[in-house]
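The values are calculated or read from the model by the stated rules, or taken from the named source; none is laboratory data. Note that the coordinates shown come from a computational prediction; the quantities given were computed from them, not determined experimentally. Ideal geometry is used to build each Cβ from the backbone, glycine not excepted, and the neighbour counts take in all protein chains shown. Quick note on the areas: whole protein, heavy atoms, side chains included, nothing else; ligands and nucleic acids left out. Shrake-Rupley method; radii C 1.70, N 1.55, O 1.52, S 1.80 Å.
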Amino acid sequence: MKLLNRLFIVAISIVTCLVQSSESINCDKDPTHVEGRLKKQLLCGNYNSELRPVKDSKLSVNVSVTPVLMSYDYDDREDTLNANILLILQWTDAFLSWDSKAFSNISSIVVNADEIWTPDLQLFSSYYKPDSKASCTNLRCRVKSNGGALCVPSCDFNGRCDSDYSDWPLDLQQCFLYYGAWMESASEVDFHSDLTWLGSTQSNDHIQWRVISAKTDKQSIKSISDNHSYPVLIYDYIIERHSNFHMATILTPIFLLIILNLFLTWLDTDSIERKLLLGVSIICHFKYLALLQWAAPANGDTVPGLLIFLRNSIIIVCLLLVQTLLGSALKRMKRTPPNTIILLTGNIQKNKVGELILAGNYMSVEYKKSVIPLDTSAETCPNRTVWSTFSKTLDRMFFLLFLGCYAVFFFMYVPLRYNRPSDLELYILDYDDVNHVV
């Protein structure tokens, strides 16, 4: 409730600054209102809204720019940040000053933005609306008796973002908004900006994207033709995705696929259950691929790590299929195995580590244990015993191989937390900050 009260006071302060009525000046008539006479004196004389408000043409107009991000949305199909921003513009107009005592102690007035000089601040990185004035509302300004001018237009801007979906769905997107003047150099109009603000903490609540950093920077671009410098204000916004839907539906199947594929290596290669579950694993992989194709962003230069993980898991399933067919074929072989295989199986059986690996029998997923006639062919044919031992050894080796591969792929490609940079800045506007901003 305290936060809502603060936001209400901030909103009232801004609206009061902007929405106070300003009567249109008719220079042919003598206003009866004191404020009207003041406006006529200021605006109906030699004042020209198209000229820079400095008495010495060699001086530059210093304009302070403070953006307040009120609401926003990120379009991951277009890689654009759609934002509603309050642009707080402040400068000094040398031709709009007066003695407040001569006008009933009026210390400030509200005028239409087209009646006075305003800086030609444009958003260079805009994707849809290159004309900033056409995107803004509340085009009125407050002028103080000392010549200080304040305009707070509410503008709908959008800009391109440097998309990076490597850590999707726990991804961060960095968006830049570039502001500057098209034709006026720094020697004529110079822009300055100290901070960029987030309108309130509620702007980050209950939405898919949250702002975690908002920084400002200034650069100068030198013109080749006239060797003048043109100031450019750069606002750097970093947003991160927050979606329980993605976490529940995207990350959960990964653990099931890993457990299923590792479990298959502990089933007998001759069992029908292994072949059926192998088919289920293949179907699940392609179903999961279809889900990712629908949910994952399809643009950008980076590939989500989950897609790379799924590709590697499909390769493991293919190797598991080949190993299952090979192991089943090896158990049916009766010819004499090569000396290499005989020595390998013999050394493994004599080694304590090998004994530990081969000690466990194959698992069974049968609901009821069936009575199967004993197969004495392995006893009567020692060659088949060697081949069966070799097939079982391959199962255990592939289990360790797949376990290691999955561990590496999981930590490389499956995001479990946000990879946030260390130099984050975020300033949230509240009632105590209004006097600092305006």
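Condition first: modelled with pLDDT of 90 or more and either touching a strand residue (DSSP E or B) at 6+ places or on another chain (Cβ under 7 Å) or of a type in the set (Ser, Thr, Tyr) (or both). Can you find one or more residues in segment 119-135 that meet it? Give the steps one after another, and end with the answer.
Kept after step one, since they are modelled with pLDDT of 90 or more, are these residues of segment 119-135: 119.
Next, from what is left, pick out any that are either touching a strand residue (DSSP E or B) at 6+ places or on another chain (Cβ under 7 Å) or of a type in the set (Ser, Thr, Tyr) (or both): 119.
Yes - at least one qualifying residue is present in segment 119-135.
Being open to solvent by 50 Å² or more (accessible area, probe 1.4 Å) and among the aromatic types (Phe, Trp, Tyr) is the filter; apply it to segment 275-294 and report the residue that is farthest from PHE263 (Cα to Cα).
Per the criteria, the residue is TRP294.
Residue check, ALA298 against (1) assigned to a loop (DSSP other than H, G, I, E, B); (2) within 30 Å of SER388 (Cβ to Cβ); (3) not charged (D, E, K, R), all met but one. Which one?
Among (1) assigned to a loop (DSSP other than H, G, I, E, B); (2) within 30 Å of SER388 (Cβ to Cβ); (3) not charged (D, E, K, R), ALA298 violates only (2).
If only one of ASN112, ASN105, ASN46 is under 40 Å from the mean Cα position of the chain (by Cα), among the polar types (S, T, N, Q) and farther than 29 Å from ILE234 by Cβ, which one is it?
ASN112
Tell me which residues, restricted to segment 238-252, are in a helix (DSSP H, G or I) and surrounded by fewer than 19 Cβ atoms within 10 Å (Cβ to Cβ). Lay out the reasoning, then the answer.
Initial filter on segment 238-252 (in a helix (DSSP H, G or I)): 244-252.
If the condition is that a residue be in a helix (DSSP H, G or I) and surrounded by fewer than 19 Cβ atoms within 10 Å (Cβ to Cβ), then ASN244, PHE245, HIS246, MET247, ALA248, THR249, LEU251, THR252 are the ones that fit.
Listed residues LEU172, LEU198; which is open to solvent by less than 10 Å² (accessible area, probe 1.4 Å), in contact (Cβ under 8 Å) with a residue 12 or more places away in the chain and within 24 Å of the chain's Cα centre (by Cα)? Before the answer, list the steps.
On the way: LEU172 fails: open to solvent by less than 10 Å² (accessible area, probe 1.4 Å).
One residue alone meets the criteria, LEU198.
When you go through (1) at positive phi; (2) buried (at least 16 other Cβ atoms within 10 Å of the Cβ) one by one for ASN227, which number turns out not to apply?
Result: ASN227 fails condition (2) only.
Taking only segment 175-185 into account, find how many residues are over 19 Å from ASP93 (Cβ atoms), open to solvent by 10 Å² or more (accessible area, probe 1.4 Å) and of a type outside the set (Ser, Thr, Tyr).
Residues flagged as over 19 Å from ASP93 (Cβ atoms), open to solvent by 10 Å² or more (accessible area, probe 1.4 Å) and of a type outside the set (Ser, Thr, Tyr) within segment 175-185 amount to 3.
Name the one entry in GLN122, GLN90 that is open to solvent by 10 Å² or more (accessible area, probe 1.4 Å), within 29 Å of the chain's Cα centre (by Cα) and closer than 20 Å to LEU51 by Cβ.
It is GLN122.
What number of residues within segment 136-150 are open to solvent by 10 Å² or more (accessible area, probe 1.4 Å) and at pLDDT 85 or above?
Of the residues in that region, 7 qualify.
Within the group LEU310, LEU326, LEU260, LEU319, which residue is without any contact (Cβ under 8 Å) to a residue 60 or more places away in the chain, surrounded by fewer than 19 Cβ atoms within 10 Å (Cβ to Cβ) and of a type outside the set (D, E, K, R)?
So the residue among LEU310, LEU326, LEU260, LEU319 that is without any contact (Cβ under 8 Å) to a residue 60 or more places away in the chain, surrounded by fewer than 19 Cβ atoms within 10 Å (Cβ to Cβ) and of a type outside the set (D, E, K, R) is LEU260.
Can you run down the residue pairs with Cβ atoms below 6 Å, 6 or more apart or on separate chains, where the first is in segment 223-236 and within 22 Å of ASN82 (Cβ to Cβ) and the partner is open to solvent by 40 Å² or more (accessible area, probe 1.4 Å) and basic (Lys, Arg)?
Listed pairs, sorted by first residue: LEU233/LYS218; ASP236/LYS215.
Quick test of your reading of the structure: SER64 fulfils all but one of (1) open to solvent by 40 Å² or more (accessible area, probe 1.4 Å); (2) in a loop (DSSP other than H, G, I, E, B); (3) more than 23 Å from GLN41 (Cβ to Cβ). Name the failing condition by number.
All conditions pass for SER64, except number (2).
Could you please give the count of residues in segment 30-45 that are without any contact (Cβ under 8 Å) to a residue 40 or more places away in the chain and either over 15 Å from PHE103 (Cα atoms) or open to solvent by 90 Å² or more (accessible area, probe 1.4 Å) (or both)?
5
In this structure, is ARG384 open to solvent by 70 Å² or more (accessible area, probe 1.4 Å), modelled with pLDDT of 60 or more and touching a helix residue (DSSP H, G or I) at 6+ places or on another chain (Cβ under 9 Å)?
It is false that ARG384 is open to solvent by 70 Å² or more (accessible area, probe 1.4 Å), modelled with pLDDT of 60 or more and touching a helix residue (DSSP H, G or I) at 6+ places or on another chain (Cβ under 9 Å).
Considering only segment 105-119, state which residues are among the aliphatic types (A, V, I, L, M) and buried (at least 19 other Cβ atoms within 10 Å of the Cβ).
Correct list: ILE109, VAL110, VAL111, ILE116.
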